[in-house]
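Working notes, structure below.
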Amino acid sequence: MRFTWTGLILAPLLVPAVFSVLLTSLQGNWSVLMFLIVLAAGCVVSYGVTIVLFLPCLFLLSLWRPMTGFTVCLLGLVLGAAIFVPMTWLDWTSSGTDSGPPTESFFAFFVRWAADPFNAIFPLAGLITAGLYWWLGTWRRGRSIPTQQ
C-alpha cells in the first residue's frame with residue numbers, strides 16, 4: 001500500500017476529535033479549554049501510534065501480502081488492542097498515593113483496569129483510524145492501490 005499524506009494528517013485526528021466533543025459536551029463553563037486539552041492529549045497518542053507503529057507495520061505487512069481494506073482494519077484493531085498495555089503501564093506508574101509509586105503489582109492493576117468497558121476505545125480507535133487511512137488512500141482512484149514491487 002502506498003503512503004498517503006492525506007491519510008496521515010486526517011486519519012489520526014478523527015477519533016480524538018470525536019472523543020473530545022463527546023467528553024466536553026458533558027462539561028459546563030470550561031468546555032472549550034477542556035476540549036483543547038483532551039484533543040491535544042488524544043492527538044499525541046493517536047499520531048504517535050500511527051507514525052511509530054501503524055505505518056511501519058503496514059509497510060512490512062504490505063511487503064508480505066497485498067493489502068485489502070479488511071487486512072488494514074484488522075491491523076488497526078490489533079495494534080489498538082496492543083497499545084492498551086503500555087498505556088495501562090503509564091497509568092499504573094502513577095497509581096499510588098498522590099500519584100506516587102504504585103502500591104499493587106502491575107498484573108493486578110492490569111486485570112482490574114482491563115475489566116473497564118471504557119477501555120474498548122483503544123481497539124475501536126485503531127480500527128477507525130486504520131479504516132479511515134485506507135479509505136483516504138484509495139478514495140481518489142476508486143479502487144485499491146496495488147503495492148509496487
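Please tell me if residue 6 is at pLDDT below 90, out of contact with any Cys (no Cβ under 8 Å at 6 or more places or on another chain), of a type in the set (Ser, Thr, Tyr) and in a helix (DSSP H, G or I). The answer is yes for residue 6. Cβ-Cβ distance below 9 Å, separation of 6 or more or different chains: which pairs start in region 93-119 with a residue that is free of Cβ contacts under 8 Å to residues at least 40 places away in the same chain and farther than 27 Å from residue 81 by Cβ and end on one that is part of a helix (DSSP H, G or I) and among the aromatic types (Phe, Trp, Tyr)? From residues that are free of Cβ contacts under 8 Å to residues at least 40 places away in the same chain and farther than 27 Å from residue 81 by Cβ, there are no pairs. Within region 76-100, the set of residues being in contact with a Gly (Cβ under 8 Å, 6 or more places away or on another chain), open to solvent by less than 40 Å² (accessible area, probe 1.4 Å) and assigned to a helix (DSSP H, G or I) comprises 76, 79, 80. Based on what the data block shows, is residue 58 among the aliphatic types (A, V, I, L, M), touching a Pro at 6+ places or on another chain (Cβ under 6 Å) and either open to solvent by 30 Å² or more (accessible area, probe 1.4 Å) or closer than 18 Å to residue 124 by Cα (or both)? Judged against the criteria, residue 58 is not a match. Take the residues of region 101-120 that are part of a loop (DSSP other than H, G, I, E, B) and at pLDDT 80 or above: which is least open to solvent (accessible area, probe 1.4 Å)? Selected residue: 102. Just one of the numbered conditions (1) under 20 Å from residue 3 (Cα atoms); (2) part of a helix (DSSP H, G or I); (3) open to solvent by 50 Å² or more (accessible area, probe 1.4 Å) is not true of residue 73: (3).
The values are calculated or read from the model by the stated rules, or taken from the named source; none is laboratory data. In this text the structure is predicted, and so the values were computed from the model without any measurement. We place every Cβ from the backbone using ideal geometry, glycine too, and count neighbours over all the protein chains shown. Accessible surface areas use protein heavy atoms only, side chains included; no ligands, DNA or RNA. Shrake-Rupley method; radii C 1.70, N 1.55, O 1.52, S 1.80 Å.
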